[in-house]
């Protein structure tokens, strides 16, 4: 069974699983490499469940055993490893080149995930939500902060009343409390999900504030609480998750906002450009010619 089929099984049967099995399912989908390499006991410990839960999850997916659930991840991981790396000590330059190639391939796949995991209808609906909201608050913590900031910065060019949830003194949560049902919280996060981000989305959801989430899995705790969800991949051969897909999704979303904003967006853009020109925000002096 290909690894993609395992993901499809998890998505299809997730709602019918018990809370304990859902916790295990989220971990399985978010940690394919660890699932393929670790024992059942190690995987259960990492997921925060009992070892027997992993077996019950496999059977709930219609598989015979934990090994049957692990096999797709194990095979996918093995296929991603180039045997030439075994000779890396004898050919360091070749290893570096191959590492770069694998990273480039992963980044290209993450870029493609924006198109393959999101429909035009979903993107347009998300853009309309941003345009229609009274105020829009963008939230992204830790590694997701840069993407949230990029969304905030570019959307602020297209519409008024946008804010970034950030404060050196730690009072950004006050901005969240000020949101109303007519506003929108836009959240960016990927596994492992920052606790403060999940709690912020839960709080907004409980207060009836619409949430638009950009995340890496339909099984993430953010996606389960959001009114709208857009997805991106984070695959990377290195230790760190790739942010290429998240940034590409953010840029695609902003493009949709610009396209659907009409005359109001054009007027906002004109005002911003004129203001920056008057403030001489950008360097425009030509270098002097040296005789």
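The values are calculated or read from the model by the stated rules, or taken from the named source; none is laboratory data. The structure displayed is predicted, hence computed values, not measured ones. In this analysis, Cβ positions are derived from the backbone assuming ideal geometry, glycine residues included, and neighbour counts consider all displayed protein chains.
Scanning segment 24-66 for residues that are exposed (fewer than 14 other Cβ atoms within 10 Å of the Cβ), touching a residue at least 12 places away in the same chain (Cβ under 8 Å) and assigned to a loop (DSSP other than H, G, I, E, B) yields a count of 2.
When you scan segment 167-174, do you find a residue that is assigned to a helix (DSSP H, G or I), surrounded by fewer than 17 Cβ atoms within 10 Å (Cβ to Cβ) and touching a helix residue (DSSP H, G or I) at 6+ places or on another chain (Cβ under 8 Å), even just one? Yes, because at least one residue in segment 167-174 is assigned to a helix (DSSP H, G or I), surrounded by fewer than 17 Cβ atoms within 10 Å (Cβ to Cβ) and touching a helix residue (DSSP H, G or I) at 6+ places or on another chain (Cβ under 8 Å).
Residues are listed down the side, and each one gets a yes or a no for (1) assigned to a helix (DSSP H, G or I); (2) in the same structural domain as residue 211 (by TED's automatic domain parsing); (3) farther than 22 Å from residue 191 by Cα:
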| residue | (1), (2), (3) |
| --- | --- |
| 102 | yes, no, no |
| 106 | yes, no, no |
| 109 | yes, no, no |
| 121 | yes, yes, yes |
| 124 | yes, yes, yes |
| 128 | yes, yes, yes |
| 138 | no, yes, no |
| 145 | yes, yes, no |
| 152 | yes, yes, no |
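Among the residues of segment 231-245, some residue qualifies, meaning at least one is touching a strand residue (DSSP E or B) at 6+ places or on another chain (Cβ under 9 Å), assigned by TED's automatic domain parsing to the domain that holds residue 123, assigned to a strand (DSSP E or B) and closer than 21 Å to residue 146 by Cα. The combined condition, being modelled with pLDDT under 95 and out of contact with any helix residue (DSSP H, G or I) (no Cβ under 9 Å at 6 or more places or on another chain), is fulfilled by residue 263. In the condition set (1) buried (at least 22 other Cβ atoms within 10 Å of the Cβ); (2) part of a helix (DSSP H, G or I); (3) touching a helix residue (DSSP H, G or I) at 6+ places or on another chain (Cβ under 6 Å), residue 197 is compliant with all but (3). Answer yes if at least one residue in segment 259-276 is without any contact (Cβ under 8 Å) to a residue 60 or more places away in the chain, surrounded by fewer than 22 Cβ atoms within 10 Å (Cβ to Cβ), in a loop (DSSP other than H, G, I, E, B) and on the phi > 0 side of the Ramachandran plot, and no otherwise. No, every residue in segment 259-276 fails to be without any contact (Cβ under 8 Å) to a residue 60 or more places away in the chain, surrounded by fewer than 22 Cβ atoms within 10 Å (Cβ to Cβ), in a loop (DSSP other than H, G, I, E, B) and on the phi > 0 side of the Ramachandran plot.
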